[in-house]
Amino acid sequence: MKWLAAGLAFVFAEICTAILLGFVFSGLSLPLVGPALAAGAIAGLAAWRSTTDVAMPRAGRWDGIALTAFGLVSLRAFLWLIYGRGNEICVLSPNNLGDMSLHLNFIRYFANGAPFWPESPILSGVPLSYPLGADLFNSLIEICGGDTMRGLVWTGLGGAALTGYALWRWGGAFGVAAFLCNGGLLGFVALRTLQIEDFQRDVTWKNFFLSMFVTQRGLLFALPAGLLLLYAWREEFFRSGKRILPVWLQILLYAGLPLFNFHAFLFLSLILAAIFVSRKAARRGLLRLVAWAFVPATVCVVLVTGFFSASSGLRWMPGWILDGKGWMALLWNFGLTLPVVLALTVVLARSKDAEARCFVGSALIIFLMCCAVIFTPWEWDNMKLMMWSWLVIAPYLWTNLIAGLQLPARAALCFVLFFSGAVSLAGGLDTRHGYGIARRSELDAWRHAVADIPPEGRFAIVPDYNHPLILLGRKVVCGYEGHLWSHGLKFQDQLALLQSSLDGTADWRTSAPVLDADWLALRQRDYSPAKPPGDLPPAGLGALYDLRQLKPGSDSQAPLPVPPRPVDSSWW
């Protein structure tokens, strides 16, 4: 437990210090990485020394199997998280096609020295509204000269190690399996077809490891931090009464969670409220914790919401989880999960187990609330809260219900609960996958073409998730639409103006100042012979047009400066 606390304290303190230095010095650079690392090291050492040394539980056979499975799955997922295949850069998971491009953009954008609080690199005129913690961690690695792809792989493996250990300490083997293999009934099709696929990919209750842990990089630190806090609160307020984590570390982890995953912060806040209501003896300690954490947590929330510029998406939407497919969708999505949780609530209603009633009751209320109320622009993001509910309920499902059954009944229940998720997990990580997001030669050509353009320059592009300039960390007028609306950004007017400018309907002399576009970047496939913007080199990869001359104060009257700057491989 000491090493888990120390590792998380190092990361959280380093990121908080880097953000503070980014504000003071208007961006991050190599000389600033040292102080951030030093702050992280000091916090890590202090956490290791002040965390109570809790005896390691005795690991049984099933614990070993669960942790080994978690380790093997993590190795497969993160060693091939992003990799080279000849001239092509690939990701293993189709879930990561859009997400990885966005993370690469943020990592390289921060490493380029973006002033804090950064402007959004994917939409002009708005501040960044995203939990940047994990990507900023990798930016510090890149500033030190580390390779971006290797940094992503090693960060993934490190976060997976922290998460696997935290899951085991919180919920044992059953808790690890609940995270790896959540599922319903769709995977049982494999018994008939003898095909291993991610059968849950197109339903709501997807495999958490594939759909969230591999793609939502903030969870690499938010999951172990949240589970560590839950473990500490469970011990202090319900079990031994010992304070596992010092108050300062609880404040750091709890208040810093929004920088990594806002849903984790929201869930833990609701759990704190439930403990406050149910445990009178805990109220003074909780009030002190929340009072100390209130200001830094509020600052973090303000920052990651872009100073509340992003839409929350909060709305009443009962039945969204059915996806218009009727009540049978619940059976296919969840299988026995909901019935056994219902049976657990009946058991707990008759028991005097205050701990289980508090944690299970509050997690179940949050789960049911998420079935009717949408908290984000994209309704599926509610699953980021529902995942936490499942992880909190899982250990009590085992200890208070399943463990007391006879061996055949236990085995049958576990098989039905986890078989579909295990099939999806295996199908999502098999060797048939591998999806290209870019070509090295094309990225190198664009990198060379924009090398002398300052990082603050903003580019008008055709909004594709894997545009080379997005992958290189450059600011664009309007990025991939899926990223924009899911982040709650109001982009529709800018996108319409950009598209009308690209197709020649609008004049760049009028639109460039409105869009804050300094350059127009066209790939060869973006070029429309019907409305030629200039002399695009026919054999090149694309062209860059300087729009700065079209902004107020310029003497140029041409619709676009010509000749354009070519993007090709002639410099090799």
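The values are calculated or read from the model by the stated rules, or taken from the named source; none is laboratory data. Because the structure is a prediction, the values reported are computed rather than measured. All Cβ positions, glycine included, derive from the backbone under ideal geometry; neighbour counts span all protein chains shown.
Overview of results
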read-out: Filter result for the condition that a residue is under 26 Å from Leu227 (Cα atoms) and either over 17 Å from the mean Cα position of the chain (by Cα) or crowded, with 18+ Cβ neighbours inside 10 Å (or both), over Gly133, Gly113, Gly146, Gly125; value: Gly133
read-out: Tabulated pairs, segment 401-424, first touching a residue at least 12 places away in the same chain (Cβ under 8 Å), second of a type in the set (Asp, Glu) and buried (at least 18 other Cβ atoms within 10 Å of the Cβ), C-beta under 7 angstrom, 6+ apart or interchain; value: Ser424/Asp198
read-out: Some residue of segment 312-324 being at pLDDT 85 or above and among the hydroxyl-bearing types (Ser, Thr, Tyr); value: no
read-out: Flag if Ala273 is surrounded by fewer than 15 Cβ atoms within 10 Å (Cβ to Cβ) and under 26 Å from the mean Cα position of the chain (by Cα); value: yes
read-out: Helices (runs of 4 or more DSSP H) contained in segment 75-193 and holding at least 2 residues modelled with pLDDT of 95 or more and under 23 Å from Asn261 (Cβ atoms); value: 96-111, 133-143, 148-180
read-out: Residues that are in a helix (DSSP H, G or I), of a type outside the set (Val, Ile, Thr) and either surrounded by 18 or more Cβ atoms within 10 Å (Cβ to Cβ) or at positive phi (or both), drawn from segment 287-311; value: Leu289, Ala293, Ala297, Cys300, Leu303
read-out: Qualifying residues in segment 197-241 (those that are free of Cβ contacts under 8 Å to residues at least 40 places away in the same chain and assigned to a helix (DSSP H, G or I)) - the one farthest from the chain's Cα centre (by Cα); value: Ala232
read-out: Yes/no for Arg108 being among the basic types (Lys, Arg), within 23 Å of the chain's Cα centre (by Cα), crowded, with 22+ Cβ neighbours inside 10 Å and on the phi < 0 side of the Ramachandran plot; value: yes
read-out: Residue within segment 408-427 that is in contact with a strand residue (DSSP E or B) (Cβ under 6 Å, 6 or more places away or on another chain), of a type in the set (Gly, Ala, Ser) and modelled with pLDDT under 95 present; value: no
read-out: Of residues in segment 443-462 being within 28 Å of Trp80 (Cβ to Cβ) and surrounded by 21 or more Cβ atoms within 10 Å (Cβ to Cβ), the one nearest to the chain's Cα centre (by Cα); value: Trp446
read-out: In segment 477-522, residue nearest to the chain's Cα centre (by Cα) [restricted to those that are of a type in the set (Val, Ile, Thr) and over 14 Å from Val462 (Cβ atoms)]; value: Val514
read-out: Matching option when the condition is assigned to a helix (DSSP H, G or I), of a type in the set (A, V, I, L, M, F, W, C), in contact (Cβ under 8 Å) with a residue 12 or more places away in the chain and out of contact with any Cys (no Cβ under 8 Å at 6 or more places or on another chain), among Leu252, Leu245, Leu266; value: Leu266
read-out: Every residue from segment 1-27 that is of a type in the set (Ser, Thr, Tyr) and in a loop (DSSP other than H, G, I, E, B); value: Ser26
read-out: From Leu330, Leu344, Leu391, residue being surrounded by 16 or more Cβ atoms within 10 Å (Cβ to Cβ) and more than 29 Å from Arg217 (Cα to Cα); value: Leu344
